[in-house]
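Quick notes on the structure that follows.
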Amino acid sequence: MAVEVPLKDASAYYNRAVIYLINQQYDEAIADLTKALEMHPRFAEAYINRGSAYAKKGRYDEAIADLNKALEIDPRSAEAYYNRGVAQGGRQDFAIADFTKALEINPRYGQAYLARGASYYQKGQYDLAIADLTRALEINAGDAQAFHVRGAAYANKQHYDEAIADFTKALEINPNASWASQAYYNRGALYWNRGQYKEAVADFSKAQDLGWPIDPELLKAIGKASIRDK
């Protein structure tokens, strides 16, 4: 039987890999985590983090294999189930099952509620999405992405006041998020539909500045409507 090297010898590689992950240096993280696992083959956290790094690179099969291994070692790892859900690569039913398992183990796992809510949103199950995203916000009231996705779910249910409030809150918390341009566009569309043309122009212009494609003719039409509305 192989003798495992004491955990502390693998920890240096693991700790450096965590820094690489934070800095989005996924190849370097994978290399260090692989070294850690060569030294300590039952290092569940290393499998979880390497699986996460593989998922970030779109290498979903390798990610799931690592997360399966982590769960063999630690079947009660909510983090492993959560990351395996993320690694499902758009297979929403599988993802929801994994997020649900993570929440059974850790009912206060806010990121799992956010992720499951986003999966429900992608499936068009807006009531379930809103319930999960509301729970995520009860756990972490500063979760800008949860406000953003819940706003989109409210908009699809034609609950426009709630949608505008959520998009506004999301942008107040994190105006530079990767999804900010979409949030400005979505809120602008709601303002446009309500006849609030000045607000719509401001939001569409901001969305365009952040890279969201806006038809110039739409901006002209809204601008003219705004002038008429004065």
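The values are calculated or read from the model by the stated rules, or taken from the named source; none is laboratory data. The model shown is predicted, which means the values in this text are computed figures rather than measured ones. As a convention, Cβ positions derive from the backbone with ideal geometry for all residues, glycine included, and neighbour counts pool all protein chains shown.
So here's what we get for this one:
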read-out: Those residues of segment 77-94 which are within 16 Å of Lys57 (Cβ to Cβ) and among the small types (Gly, Ala, Ser), in sequence order; value: Ala87, Gly89, Gly90
read-out: Elements of type helices (runs of 4 or more DSSP H) in segment 129-194, at least 2 residues being of a type in the set (Ser, Thr, Tyr) and not assigned by TED's automatic domain parsing to the domain that holds Asp209; value: 160-173
read-out: Given (1) within 17 Å of the chain's Cα centre (by Cα); (2) touching a residue at least 24 places away in the same chain (Cβ under 8 Å), number of the condition Asn106 does not satisfy; value: (1)
read-out: Number of the condition not met by Ala12 [criteria: (1) of a type in the set (Gly, Ala, Ser); (2) surrounded by fewer than 16 Cβ atoms within 10 Å (Cβ to Cβ); (3) touching a helix residue (DSSP H, G or I) at 6+ places or on another chain (Cβ under 6 Å); (4) assigned to a helix (DSSP H, G or I)]; value: (3)
read-out: Hits in segment 136-158 - residues which are buried (at least 17 other Cβ atoms within 10 Å of the Cβ) and free of Cβ contacts under 8 Å to residues at least 24 places away in the same chain; value: Leu137
read-out: Residue in segment 37-45 that is among the aromatic types (Phe, Trp, Tyr), buried (at least 22 other Cβ atoms within 10 Å of the Cβ) and farther than 27 Å from Asp132 by Cβ present; value: yes
read-out: Gly117 under 14 Å from the mean Cα position of the chain (by Cα) and not in a helix (DSSP H, G or I); value: no
